[in-house]
Structures are given as structure tokens and as C-alpha cells.
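The values are calculated or read from the model by the stated rules, or taken from the named source; none is laboratory data. Values in this document were obtained by computation on a predicted structure and should not be read as measured data. Positions of Cβ are generated from backbone atoms using ideal geometry, with glycine treated the same way; all protein chains shown enter the neighbour counts.
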Amino acid sequence: MKKTHSRLTDRIATVYFWLAGLAIIGILGWVLYDILSKGLPQLSWHFITGKPSEVSAGGGVGPMLFNSFYILFLSLIFSLPVGIGAGIYLAVYARKSRFSDLVRLSVEALASVPSIVFGLFGALLFVSWFGWKISIVSGAATLSLLNLPVLVRVTEESLRSVPSSYWEASLALGSSRWQTIRKVLLPSAMPGLITGVTLVAGRALGETAVLIYTAGTAASRHFPDFGLKEMGATLAVHLWYSGSSSLAPDARQIAQGSSALLVLIVLIFNLAIAIPGRIIQKRLTGGK
Amino acid sequence: MTETSKIQVESLNLFYGEHQALFDVQLGIEPHSITALIGPSGCGKSTFLRTLNRMNDLIDSVRITGRVLVDGEDIYSPDTDVVSLRKRVGMVFQRPNPFPMSIYDNIAYGPRIHGIRKKAALDEIVERSLRQAVLWDEAKDRLNKSALGLSGGQQQRLCIARLLAVEPDVLLMDEPTSALDPISTLKVEELTGQLKEQYTIIIVTHNMQQAARISDTTAFFLNGYLVESSDTEKMFQTPSDKRTEDYITGRFG
């Protein structure tokens, strides 16, 4: 009696987990299909590289595409050194103390702040107080604030996942802490770090709420324009703008094309970082 | 005795927070000898070993009183450079812990850290260290392969070679064969016998036959006290303390 019961529940559990797995794949497939089937026909060389048009049909997204990467690049320049540094501090240097607890608590709290709040904060701090106007640099600085806590956590976690025996072995050979971090810890943590940074970057590429009030919804008329103080609408912001308040008659098509482009870019971006990352990791671990 | 000792430990007490793990340990260790530390699990022998190159510093709550002299210098005095201490007093751990790098890079890791950059010099150190650790013949054709591909016994000898490459005076070994099969164990034991010519070796072991086979001096720890230390032969034939006798005849532990 007992036996058949446990066999039945085991069956039910198996079926349930299979269904859950299939549901996830199904939802993902459906979303991708919907976005790509509507968006891919809109994509053309002219659309991808062309300048946007405010009121007439046939505008492109070239400057927005450029701004997406430019702002991402700038924000990583701000946030990577600080985020990784703080992560190393928490994983290696921080003894258990009130101060390190406070740092960790702040990181947790910052990571859970909604991005629109960061956007408004950035608008107050960088746009008004610093007088940087609504610009690429304001957007990048605000975006890096959003990324920072995630980077700290990713770094700390990937360093903690390195076996402590490496740490002991290196110190027992007479190396300093910094030598150990640079030559053993960071290389061993590299796969985790690369994955983490890729996730952060992918999220940043799709971020809108942070950028609407800080980088703006319009892009420079020149293309490509590296000016830090130019308006810096990104592809994701342009998508939001086209879908909500654009005056262009083909706004709907632009939005669909932008969605497909954004999805493709994030996919390509992940692959472009993940594959070289694997190769570096292989070389560092001597091919195993 | 004090003048000839490589390591002299005087009134050493060690605390993990409130808990005292070592009580008033006194021990002198002769150069070019093998000293075995034996005792039941949790008796403090590994903790004692780790005081000798200050690996216990890595644990926040550890506090130490007393003196540990290496070549006559107190390694717990405030002006001791821990990094150069660990270069002189190296350590092999219980579980083989090669870095996830090639065999060559594992051995060259220490020399590189200590400033040797020239390829020819590194090549020579790598070969010499691997030969000393009796691993050269097995490893010479795969120096650029990952060290993680070696067997457990080979990995442990690699770790010993990695340590020899930084040319320490003292080798601390924390149960170096406990994770190895009998043949690998024998190889590591033979190796320690050869290394004694050039190095002072202190080895923690659970295996009493091992202590009897390879060591010159044996020290028996129990509950944080150093109960007895003497010539290995004398210790195993005529122990002077009842507790030592009980332990080595297998009555407890």
C-alpha cells in the first residue's frame, strides 16, 4: 500500500518537473517567435544604420544603436573598477565586522532599488546638480550606479567559489595577498566574473527607466557622435518612445524592428563574450 | 640544544577565541631531521604545525602567546615579515592542491613570485624540482598540460615539487599521504627520506607505522598538550608516559 503511494507521488513529481521545464522553453520560444517574426521583416541596412525621423515614415535607429553601446561602454568604465574592487574587498580583505556588514547591507539594499528611482536620482544628481544636462555622460553615470551593486555581488560570489586550498597553497609559498589575488584567485574566478559582467551588460543594454530622465529620448543629429554632452537615446529607450509617444506614422514598425534588433544584439553580445571567455579559461587552467 | 635547533618552541599557548587549543608547548627541532607529530584527531598537532609558518594568521579569532624561534628569530615578533617567513618555512597540505594551471606553471609559480623571470632559469628550476620530487619522468612530456590531470599521488608530489622550487629550509607536511593510495604513499615516504639531507621536515601523521618508518624524532600530542617527544625508536619501544604507550599500542585514538 505504502509502496504504490510513493511510486505514484514520484510519477506525479516527475511529470510536474517535466511540464515546468517545457513551459519555460515554450514561453521563451513563443516570445522569441513573436518578436522576431514581427520585427525581422522591418530590419534593413537602412533601418539599422539610418538616422531617425521625427514625423515622417522610414526613420532608422543608427544613432540609438550607437548610443546603446557607447553608454554601456562608458558605464562599465565607471562601474567595473569600483564594483570589482569592492567585491574583492568583501571576499578577501573584510574581516567580519560592523563595517563589512554595513557594506554588504548597503550593496543588498542598492541592488533592490527599482531602476526608475535610480533614474530620478541620476536626474537630480548628474543632470541638475552637476550640470551635465540630459546627456550621454549623465546616462552612463546613472547606469553605472545601477550596475554597481550587482557587480559587487557577482565579484564576491565568484571569488568565494574559488577553493580556499588555492589561497592557502599560494600563501604557503610565500606570496603576498595581492600576488595571490592577481595570479590565482582572479584567473580561477574568471568564468564566474565573465558570466556576471555579461549579465550586467545585457541588462544595461535593455535598460530604459534609468536613461529616460538622464540620457533623454532624442539622439544627436551627427552619427556617430562621441560627444559626452550630446543627448543619448538608446535603442531600448527609442523602443519605448516609439511605442508610446512618437509622431512618426510608422512608429509601430519601428518599435517592432527595434525589439527584434535589441533581442538579437543581446544574444550576439552574450555569445561574443562567452566564447572568448571559455577560451581564456581553458588557457588559464592548462586545457582542462 | 637551543643553539643547534632549527626551530625552538617555548611556552606556546594558542586560543581559538575563548577555546584554548594548545597548552604550554615546548619543543626543539633539529636541522636535517624528520620530526613526526602524532596524536588522535583534534589533539592540536595540525594546529601546532600551522603555528610554525603562521598559517593560523588566516583565521581571525586565533591568539597566540609564547615564542616560536626559527633560526633563533622569534617569528611572532611584530617586525617579522610573514611573506619571507613562509618562503623559508613551506607547507604541504593534506589534500593535494595544485593550482588550475599547467604543471610547468605550478612549479614556476613560486620562483616567478619571488622575481625570477628568465625562461632558462625557470626551466632549470622546474626540472630540478620535479627531479627532486621524483616526478620528472612521469611529467616531462606533459609539462604544458593541466596539473589537474595528474593522479592524486602525482598531484601531491607536484605540490612538494612546487614547494621545493622556492627553496625553503623547513618543510611542514600536514598528513601529506592521508588522501593517497598505498603505492603513492610509499613514494612520498621515500621522497621525504631523501629530502631530509637538505631540509628540516616536520610531518603530521595519523599513521603510526609511517611515523616509525620515516621519522627521527616523534612528538605525541593529546588534548592540546605535548605529552612526550623523543627519539622515534625510543618512543615506540619504551615510551616514558603511560598515555603515549596506550596510544601507540592502539588502546585509544
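Structure values in brief
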{"read-out": "All positions within the stretch B:242-253 that are closer than 22 Å to residue B:34 by Cα and touching a Phe, Trp or Tyr at 6+ places or on another chain (Cβ under 9 Å)", "value": "B:244, B:247, B:248"}
{"read-out": "Test set (1) over 30 Å from residue A:221 (Cα atoms); (2) in contact with a Leu (Cβ under 6 Å, 6 or more places away or on another chain); (3) not aliphatic (A, V, I, L, M) - residue A:96 fails condition number", "value": "(2)"}
{"read-out": "Evaluation of residue A:54 against (1) among the charged types (D, E, K, R); (2) in contact with a helix residue (DSSP H, G or I) (Cβ under 6 Å, 6 or more places away or on another chain); (3) not in a helix (DSSP H, G or I) (one fails), failing number", "value": "(2)"}
{"read-out": "Subset of the stretch B:159-195 [polar (S, T, N, Q) and either without any contact (Cβ under 8 Å) to a residue 24 or more places away in the chain or assigned to a helix (DSSP H, G or I) (or both)]", "value": "B:184, B:185, B:192, B:194"}
{"read-out": "Residue pairs meeting the criteria (Cβ under 8 Å; at least 6 apart or on separate chains; first closer than 14 Å to residue A:68 by Cα, in the stretch A:251-269; second part of a helix (DSSP H, G or I) and of a type in the set (D, E, K, R))", "value": "A:259/A:38"}
{"read-out": "Every residue from the stretch B:53-64 that is farther than 18 Å from residue A:173 by Cβ, in a loop (DSSP other than H, G, I, E, B) and either of a type in the set (Ser, Thr, Tyr) or touching a residue at least 12 places away in the same chain (Cβ under 8 Å) (or both)", "value": "B:59, B:61"}
{"read-out": "Scope the stretch A:119-144; condition among the hydrophobic types (A, V, I, L, M, F, W, C) and either on the phi > 0 side of the Ramachandran plot or under 20 Å from the mean Cα position of the chain (by Cα) (or both); matching residues", "value": "A:120, A:121, A:136, A:137, A:140, A:141, A:143"}
{"read-out": "Candidates A:107, A:152, A:127, filtered to the one that is under 20 Å from residue A:64 (Cβ atoms) and of a type in the set (A, V, I, L, M)", "value": "A:127"}
{"read-out": "When residues of the stretch B:148-169 are limited to those that are in contact with a Lys or Arg (Cβ under 8 Å, 6 or more places away or on another chain) and more than 11 Å from chain A (Cβ to nearest Cβ), the one nearest to residue B:206 (Cα to Cα)", "value": "B:153"}
{"read-out": "Subset of the stretch A:212-250 (residues that are of a type in the set (Phe, Trp, Tyr) and assigned to a helix (DSSP H, G or I))", "value": "A:240, A:241"}
{"read-out": "Boolean, residue B:145 is out of contact with any Pro (no Cβ under 8 Å at 6 or more places or on another chain), facing chain A (nearest Cβ under 9 Å) and buried (at least 16 other Cβ atoms within 10 Å of the Cβ)", "value": "yes"}
{"read-out": "Enumeration of residues in the stretch B:70-92 that are more than 16 Å from residue A:167 (Cα to Cα) and within 11 Å of chain A (Cβ to nearest Cβ)", "value": "B:81, B:84, B:85, B:88, B:89"}
{"read-out": "Which listed residue is assigned to a helix (DSSP H, G or I) and either within 14 Å of chain A (Cβ to nearest Cβ) or of a type in the set (D, E, K, R) (or both), from B:95, B:50, B:67", "value": "B:50"}
{"read-out": "Matching option when the condition is outside any loop (DSSP other than H, G, I, E, B) and surrounded by fewer than 22 Cβ atoms within 10 Å (Cβ to Cβ), among B:198, B:209", "value": "B:209"}
{"read-out": "Residue pairs meeting the criteria (Cβ under 9 Å; at least 6 apart or on separate chains; first farther than 15 Å from residue A:154 by Cα and more than 11 Å from chain B (Cβ to nearest Cβ), in the stretch A:178-193; second surrounded by fewer than 18 Cβ atoms within 10 Å (Cβ to Cβ) and of a type in the set (Val, Ile, Thr))", "value": "A:181/A:92"}
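Okay, residues lined up against (1) out of contact with any strand residue (DSSP E or B) (no Cβ under 8 Å at 6 or more places or on another chain); (2) buried (at least 20 other Cβ atoms within 10 Å of the Cβ):
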{"position": "B:24", "(1), (2)": "no, no"}
{"position": "B:36", "(1), (2)": "no, yes"}
{"position": "B:39", "(1), (2)": "no, yes"}
{"position": "B:43", "(1), (2)": "no, yes"}
{"position": "B:61", "(1), (2)": "no, no"}
{"position": "B:75", "(1), (2)": "no, yes"}
{"position": "B:99", "(1), (2)": "yes, yes"}
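Okay, residues lined up against (1) within 30 Å of residue B:44 (Cβ to Cβ); (2) at pLDDT 90 or above; (3) within 11 Å of chain A (Cβ to nearest Cβ):
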position	(1), (2), (3)
B:130	no, yes, no
B:141	no, yes, no
B:171	yes, yes, yes
B:177	yes, no, no
B:194	yes, no, no
B:206	yes, no, no
